[in-house]
Amino acid sequence: MSPRKTEKPFNSQITAPWIDPIASTEKADASSIALKNIHLPPQQPRRYFDPQAMKEMVASVRQHGILQPLLVRPQKSGGYELVAGERRYRAATETGLTEVPVVIRELSNQEALQLALIENLQREDLNPIEETEGILQLLSVRLDIAVDEVISQLYRLNNEVTGLVNHNVMVNSEEKTNHNVMVNSQEATVIQEVFDSLGRMGWESFVKNRLPLLKLPPEILEALRSGKIAYTKALALARVKDEPVRNQLLSEAIVQNLSLAQIKERIKSLQTKSSSGENADSLPLRLKTAYQQIKKSKVWENPDKRTQLEQLLAQLEALTGDEKATEEKTV
């Protein structure tokens, strides 16, 4: 069945100036096609859909229909592949819609993936981990290298730029005006282009403030990705070094829906108990060390210190209940 034209324009916020098919057409007529002819792509940037947000979307679609067209591309085998609008697609499926409004674009695999990544980065409920990983994926596609290589490239670029600044190396006037010194390379140009198009932060800020987040414990990262815990709570839990204790606290925080204040209080309580346990465990060693130092220094030969030593010994004997030692001393 051929697509049926509608009067609704495509007003998506997706912007990717380096992708000509999208950048050259700000508005386009939408078409209605059968939902069954739309297929999900093999690579889907979004891993988690908030259940409550999906319920609200389903309710909205049930009442108003799909207000913003989906973006799709034709498949050689027939039908269409979804590029952007997966949440709307899922809501349409759940509500039983048979047709949905779409904008059809001829896109390469790389272009389609880039647009899907950009749409995901425009979500209002995006947390810093999802944003960080999304930007890295986008850079991976643009640079045509693995994500791990992207991270290495960013750190290397940052080190090179830091070296240029520290050694007062001259840069051109445009770079000075932008307050963002760049190493003269094709990769650096692509990186700058991506961050400029996103308009969220500079790549240097990304290296300094976002890449370290990927070093959070794996279980914390997974909980963040799946939306089980808020970002601020995850950071607090990540400070607990003991892995079994941290995992237990994470489980409690999720199951009991603990507030950030409650999590911090439990961490503080654990630290207090741990400190008390460490002090108790170190007492025998401290006593042994003190005895050896007293014996070596012969502190009893000093009249003033001898009196103090006798008082301390009396207190120790009282603690141990050594009545026999006390009797021998008084004889």
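List of remarks:
Every residue, every condition in (1) touching a Lys or Arg at 6+ places or on another chain (Cβ under 8 Å); (2) within 26 Å of LEU126 (Cβ to Cβ); (3) modelled with pLDDT of 90 or more, yes or no:
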position: ALA23; (1), (2), (3): no, yes, no
position: HIS39; (1), (2), (3): no, yes, yes
position: ARG47; (1), (2), (3): yes, yes, no
position: SER60; (1), (2), (3): no, yes, yes
position: LYS76; (1), (2), (3): no, no, no
position: GLY79; (1), (2), (3): no, no, yes
position: LEU97; (1), (2), (3): no, no, yes
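- Selection status of SER269, assigned to a helix (DSSP H, G or I), hydroxyl-bearing (Ser, Thr, Tyr), surrounded by 12 or more Cβ atoms within 10 Å (Cβ to Cβ) and modelled with pLDDT of 75 or more: no
- Candidates in the range 93-117 are the residues that are within 33 Å of the chain's Cα centre (by Cα) and assigned to a loop (DSSP other than H, G, I, E, B); of these, the one that is farthest from VAL83 (Cα to Cα) is SER108.
The values are calculated or read from the model by the stated rules, or taken from the named source; none is laboratory data. Because the structure is predicted, anything quoted here is derived from the model rather than measured. Cβ sites come from the backbone with ideal geometry, for glycine too, and all protein chains shown count toward neighbours.
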